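Note sheet for the following structure.
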Amino acid sequence: MSYKTYSIQFLFLRKFLILFFVSISISSFSQDAVIKGVIIDGEENEPLIGGNVILNTGIGAATDFDGKYSISTPAGTYKVKFKYIGYETQTKSITLKGGETRVINLTLSPAADLLDDVVISASKYEQKLGDVPVSMAIIKPALIENKATRDAESVIEQVPGVQINENQVSIRGGSGWSYGAGSRVMVMVDGMPMLAGDANDIKWTAIPLENISQIEVIKGASSVLYGSSALNGVINIRTQYPKDEPLTKINISNGFYMPGYSSQMGISLDGGDSTLVRDGQTWWDSPRGYVQGNFTHLQKITENDELVLGGSFMKDQGYRFGENDQRARINGGWKHFSKKINGLHYGINLNNNFNKSDIFFLWQNADSALFPLGLLGPETTISSSSSSRIMIDPYIAYIDSNGRKHNLRTRFFRTDNKNNTAQAATSNYYFGEYQFQKMWDNKLTITTGAMTSYTDVISELYGNHTSTNMAGFIQGDKKWNKFNLSGGMRLEYFKIDSVSTQGKLFNKTDLPFQPVFRLGSTYQPAEYTFIRASYGQGYRFPSIAEKYISTFVGGLTIFPNANIEPEMGWSAELGLKQGFKIGNFKGYVDLSAFVTKYENMMEFVFGIYDFNGTISNIPTLYQQYYFGLPLSNFSDSLKLNHFGARSSNIENAYIPGFEVSVVGQGNIGEVDITTLCGYTYINPTSIDADSAYLATFSNPDFKNPELNILKYRNKHMAKMDIQFDYKKWALGWSIRYTSVMENVDDVLTGEVVIEGVNSGTEILPGYGEYRDARMVGDVIFDSRIAYKFNDKSKLSLLMTNLTNREYSNRPGNVQAPRTIMWQFSHTF
């Protein structure tokens, strides 16, 4: 081969190699780099789902169900921010070459600041507490365990501004005593409503107390996202989910009611009153108490399947004569994460609750406050009942690659109540809700959806009825640096039998639905300072029970009112959250001024009614129903059956007030301190009430339309819970103060006199003098001490009503005397 040929070949090879290396170089510069990894919870060692990894260019990604993320970006130098709500943010600087894959696995630690606590109830997605535009309180599981509570009711009542009266919740005076029918507060477990379809009431025994991860309480109208029963607020109980390691926990407790009540400071009548000396009120001569146990088991049974099991039982002998209570509950849940479709999971939750009780309603008299009216004879007001509540909740959820969330939840809820007083009722409630949510990189979140429910009731107590509820909702949340804005709307439709919603908006009064709106904002002028303002509307259609209940209990007749109308309302608030740090003790102070207004407020009102609940008078009734026979032909007891209460619209109500609360945790030396305390003031008044309604007030000063207080409210409430932990020991106290209930139904304080019928009959014998002697507030103390044997076992000793004070939460309902209990907890 010639020299010339070799030269040509060499030149060709050189040009080829130059072109090859140039192309490789260009390719390497044009190839994107990849950042990927896993984000782990530093406390639980679990993957963090929905965490954010964001470059300083604005490009980012969210972690999936395994905590994994991946971002593709051109070569260069970046600052990468790793964020998760409620956790401390980390930032890293990195330089990437073209085609490089950089793996960054990171562990994030929970934020120590309480204002960074994560909540979901305010807007149906995770937010920091400081960013929420409404008043909101959080109860941690430690408080539930420390108080060894028998049900969720007693621990929720520790929240400032919250009262629970015979299962019914009132937030900041939004409700009084409504005889077990209707609720202005929506109670949920993991976002699913717990109110029964017929009476819209809650049974706290159905709450899986042993598996609670957090309780969130929203104060104020929340109907836009949560519907009719959220007129006064929302309580959302969030439960735990399985971690990598299986967890089994049991709690066993036993308590005893101590005999006698201490003498109560009060206003003496005529130099003395037997109702002030109460050490002989208790009647038992052998120990009476209760025993309770519960368990929970959490486990990942496969890589893609989670299992939750729980249950409880309780037998309570009661402290009132003839009263006892037996309860049992079993609940479970299964969740499956799809292998084939990333972001898809589905499952089912079950909750079965059973009760058998002898229920106390009215006392025998003021000097026999723990004995039922009629004792245990034929006329007793003790009713024997058995009930079951069965909930079956299938659900499915999907998060696509663009972060769009789809959630479909359904429920079948059956309540079955039986008793010996012809008040049986069976209700089947069918519920479904679809929710869509999208979060954009510009910090805009849209939440929208629709729900429907249907209830059928077969009842001796109400009759047979059906109800339908449909609604659509949308809410937007936008964040600009230190400013957050939230707004939403809901369209609500109700129908009970043939009566349906007649909505109104401005001058329109015949809409087929009722629109409600909310608007809220927060502003953060400093690092731990949050100013908030909110306005929210609410709408509540009467429950089947409120419209159609018809019963008779201990001389008290409850009448139906088929013509009762829905109530509407709004609440507005201006508030400030200010974080603080004193040494190693951190927390925040929350100040708020609020006002709530109701239109057509529903309340039970005493009067004379016919069989259909129409207001009337005795002579007219007997002319109409008994063919004109003279009144002398009938017994007084029969005539008195027309006297009673029915649910009525009582014009309008206006409730302004303010609240101060302090939440903190930290340590002084080796002593850890946790506290929750607050004070609430309300001024609940009736607006433009007619003289017939004002005549039912017990306080004559409030019969003046210009000066009145709504019934069954306490104007002042103060609460405090504090705990000290030192090594293996813990010591804590709870204190609750409520001012005197200034106004109740007048008929309960004296004799009912119906002209031409009777000379006087007492519905609640002796209550008038009893009440007059106790026109002071109540301070209740609880105390506790606990010892941890190790990380798995703890023994607690508790005492409720430490001073053994005799107090009532409504007329004729004296609360338990001093009770001593122990609880043993063990984790496997």
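A few notes on this one:
- Aspartates and glutamates with Cα under 14 Å of LYS443, excluding same-chain neighbours fewer than 8 positions away: GLU126, ASP131, ASP477
- The convex hull built on the alpha-carbon positions of region 309-388 has an orientation-averaged projected area of 7.4 nm².
- Given R0 = 56 Å, the distance between the Cβ atoms of GLN90 and LYS504 translates into a calculated FRET efficiency of 0.60.
- Along each principal axis, taking the top coordinate minus the bottom one, the Cα set of the chain gives 144, 63, 47 Å in descending order.
- Placing LEU307, LEU106 in order of accessible area, with the largest value first and a 1.4 Å probe, yields LEU307, LEU106.
- Radius ratio Rg over Rh of region 714-828, counting only Cα atoms, Kirkwood formula for Rh: 1.21
- With at most 14 neighbouring Cβ atoms within 10 Å, loop trypsin sites (Lys or Arg not before Pro) (DSSP) excluded, longest segment of the chain: 483-726
- Size of region 461-614 from its Cα atoms: along the principal axes, largest to smallest, the extents are 66, 40, 25 Å.
- Antiparallel DSSP beta bridges within the chain, as percent of all bridges there, nearest 5: 95
- Cα-based Kirkwood hydrodynamic radius, region 102-243, one decimal, Å: 15.9
- Region 408-471 and region 314-346 have Cα centres spaced 18 Å apart.
- Region 560-610: equivalent-ellipsoid semi-axes (sqrt of 5 x gyration tensor eigenvalues, Cα, Å): 45, 13, 8
- Compared with the dominant Cα axis of the chain, that is its longest principal axis, helix 3-30 is turned about 20°.
- Working from label points 7 Å from Cα in the Cα-to-Cβ sense, the PHE781 to VAL740 distance is 2.3 nm.
- At 1.306 mPa s and 10 °C, Stokes D of region 524-582 from Kirkwood alpha-carbon radius, µm² per second: 100
- Semi-axis lengths, largest first, of the ellipsoid equivalent to region 653-732 are 44, 12, 7 Å, with √(5λ) applied to each eigenvalue of the Cα gyration tensor.
- Site pair THR101 and ALA397 shows an inter-label distance of 3.0 nm when each label is modelled 7 Å from Cα along Cα→Cβ.
- Length-normalised contact order for region 469-558 - Cα pairs under 8 Å, 6+ apart - percent: 20
- Structural size metrics of region 283-335, computed from C-alpha coordinates, are Rg and Dmax of 17.5, 58 Å.
- Both radii come from the Cα set of region 407-464: Rg as radius of gyration, Rh as Kirkwood radius; their ratio Rg/Rh reads 1.32.
- In order through region 433-446: 3J(HN,Hα) via Karplus (6.51 cos²θ - 1.76 cosθ + 1.60), integer Hz, x for Gly, Pro: 9, 10, 10, 10, 9, 9, 10, 9, 5, 7, 6, 9, 10, 10
- Region 649-752, relative contact order [Cα under 8 Å, separation at least 6], %: 27
- Rolling a 1.4 Å probe over the protein heavy atoms gives the chain an accessible area of 44 Å² per residue.
- Relative contact order %, the chain, counting alpha carbon pairs below 8 Å whose residues are six or more apart: 10
- Length added when fully stretched, TYR454-ILE120, from 0.36 nm per residue minus Cα-Cα: 117.6 nm
- Using θ = phi - 60° in the Karplus curve 6.51 cos²θ - 1.76 cosθ + 1.60, the 3J(HN,Hα) couplings for region 729-742 round to 9, 9, 9, x, 9, 10, 10, 10, 10, 10, 6, 4, 6, 5 Hz; x is entered for Gly and Pro.
- Here, region 341-459 is characterised by an Rg to Rh ratio of 1.26, where Rg is the alpha-carbon radius of gyration and Rh the Kirkwood radius.
- Spacing of the two label points (7 Å from each Cα toward its C-beta) at LYS340 and ASP688, in nm: 6.2
- Placing a label point 7 Å from the Cα of ILE531 along the Cα-to-Cβ direction, the residues of region 566-599 with a backbone N closer than 20 Å are 572-580, 588-595.
- Computed over protein heavy atoms with a 1.4 Å probe, the carbon and sulfur contribution to the accessible area of the chain reaches 58%.
- Hull shadow area, averaged, region 128-202 [alpha-carbon convex hull, nm²]: 5.9
The values are calculated or read from the model by the stated rules, or taken from the named source; none is laboratory data. Note that the structure is predicted; figures quoted are calculated from it, not measured. Cβ sites come from the backbone with ideal geometry, for glycine too, and all protein chains shown count toward neighbours. Please note that ligands, DNA and RNA were not included when accessible areas were found on the heavy atoms of the full protein model with its side chains. Shrake-Rupley method; radii C 1.70, N 1.55, O 1.52, S 1.80 Å.
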